[in-house]
Amino acid sequence: MVRDVGLAEELAQDALVIALEQWPQSGMPDNPGAWLMTTAKRRAIDRLRRSKLLERKHVELMHELEAEQEQAQSKVEAGLDDPIGDDLLRLMFIACHPVLSVEARVALTLRLLGGLATEEIARAFLVPASTIAQRIVRAKRVLAKAQIPFEVPRPHELATRLSAVLGVIYLVFNEGYSATAGDDWMRPALCDEALRLGRVLVGLMPQEPEVHGLVALMEIQASRSHSRVSSSGEPILLLDQNRAQWDRLLIRRGLTALEHAEKLGGARGPYALQAAIAACHARALAAEDTEWGRIAALYATLAQVAPSPIVELNRAVAVAMAFGPTAGLELVGALMDEPALANYHLLPTVRGDLLAKLGRLEEARLDFERAASLTQNARERELLLGRAQACAGSLGYSTPR
């Protein structure tokens, strides 16, 4: 309504602060969403009144604002022009406006709607947090300058925004699956919300193979959630997990979604390929049954379809498992000078693991310690320091944790 996403964000925050102050005394209103909208609208009108615009312009803008609010409310009540049917997913499609680049759409939507901090978004893009902050600021300016009306796109317009929306959901799930920072290795609420949005999206766009591919990936990955963390909160790596604890229902749902993606011609889509990799793990009843050769081949295909340093790092792990640590270490060596991975903690983690398998324990110890210094997640840091300590112990000396 105010045609300025930055101002809209401030008004929403103001409304939430007022709610936090008033609701404990007055009680939660019958319709909290409408209460927040009305409060934010009043704040917007107050700002217009305090601005330096002419009084006539004030009146025009206030009438326009109120008229648009009434129109928007009637659309919500009548369910008109809204093919989406989910509040958060609707907002994601609205925010992923094609006037912005895909990267800007994803970054802005993750910040406004995805529950991710700037640093968490930066990790997903493998860029400094300052770069993401600037990208978000520029996106807000572009939208404000263009006076973009934030409206629910028509059904035929959804496809042009789908890639960005899928990217948002994928990155929200990833942050929940492996938290950037904090005391917990996982943030299950983010995983659950991303999976919920993906399932809604399947119902909305059942003929889009990559929607099925992303849901397949999330279902299969989510099936391992309960086995990834010990009762005391410590991370449990894939090969050490108790596969009897994997959720077979989620696995079946994921495999079915993957089958749908492939039937729709999407077998080579980035999300479907990642789901196919996850399916290889899900089908292996024991770690030693894993088809690492097939996983390495799938990563090679993914590197062609959606090239990235992280894909290459994952491919190196698969190659090492299929053909030995020396082969994997050679691929990792080619990534050591990759600028995007300069501060990415999983690069020295993988290298340390391969060096340890080759008996090069001192080098492995140094890599694990470097990885521990780069991660912001407390649980992951403890795990990496523990591995460094184990290498030191095998060499006959100790290192402080």
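The values are calculated or read from the model by the stated rules, or taken from the named source; none is laboratory data. This is a predicted model, so every value here is computed, not measured. Cβ sites come from the backbone with ideal geometry, for glycine too, and all protein chains shown count toward neighbours.
At least 1 residues being among the acidic types (Asp, Glu), under 29 Å from the mean Cα position of the chain (by Cα) and over 22 Å from Ala278 (Cα atoms) is the threshold, and among the helices (runs of 4 or more DSSP H) wholly inside region 297-401 those reaching it are 361-374, 378-395. Among all residues of region 191-202, there is none that is touching a helix residue (DSSP H, G or I) at 6+ places or on another chain (Cβ under 8 Å), within 26 Å of Arg283 (Cβ to Cβ), basic (Lys, Arg) and in contact (Cβ under 8 Å) with a residue 24 or more places away in the chain.
Within the option set Ala257, Ala278, Ala267, being of a type in the set (Gly, Ala, Ser), part of a helix (DSSP H, G or I) and farther than 21 Å from Leu346 by Cα holds for one residue only, Ala257. Listed by first and then second residue, the pairs linking a residue in region 228-250 that is closer than 13 Å to His281 by Cβ to a residue that is in a loop (DSSP other than H, G, I, E, B) and among the aliphatic types (A, V, I, L, M), with Cβ atoms under 6 Å apart and 6 or more places separating them unless they lie on different chains, are Arg228/Ile236.
The single residue among Val168, Val127 that is aliphatic (A, V, I, L, M) and closer than 20 Å to Ala194 by Cβ turns out to be Val168.
Restricting Ile84, Ile18 to residues that are in a loop (DSSP other than H, G, I, E, B) and either at pLDDT 90 or above or under 27 Å from Leu197 (Cα atoms) (or both) narrows the list to Ile84.
For region 345-355, indicate whether the set of residues that are at pLDDT below 95, among the small types (Gly, Ala, Ser) and more than 22 Å from Leu217 (Cα to Cα) is non-empty. Taking every residue of region 345-355 in turn, none turns out to be at pLDDT below 95, among the small types (Gly, Ala, Ser) and more than 22 Å from Leu217 (Cα to Cα). Contact map, region 122-139: first residue modelled with pLDDT of 90 or more, second residue of a type in the set (Phe, Trp, Tyr), Cβ cut-off under 9 Å, separation 6 or more or different chains; pairs are Thr131/Phe125; Ile132/Phe125; Arg135/Phe125. Cβ-Cβ contacts under 8 Å between residues 6 or more apart (or on different chains), taken from a first residue in region 314-342 that is over 19 Å from Leu302 (Cβ atoms) to a second residue that is surrounded by 15 or more Cβ atoms within 10 Å (Cβ to Cβ) and of a type in the set (Gly, Ala, Ser), are listed as Leu329/Ala316; Leu329/Ala320. Of the residues screened, Glu208 is not one that is over 20 Å from Ala159 (Cα atoms) and either in contact with an Asp or Glu (Cβ under 8 Å, 6 or more places away or on another chain) or among the acidic types (Asp, Glu) (or both).
Residue check: His226 meets all listed conditions (1) over 20 Å from the mean Cα position of the chain (by Cα); (2) at pLDDT below 95; (3) in a helix (DSSP H, G or I) but one, namely (1).
Can you tell me which of Ala12, Ala19, Ala34, Ala8 is under 22 Å from Glu151 (Cβ atoms), buried (at least 17 other Cβ atoms within 10 Å of the Cβ) and of a type in the set (A, V, I, L, M, F, W, C)? Just one listed residue meets the conditions, Ala8.
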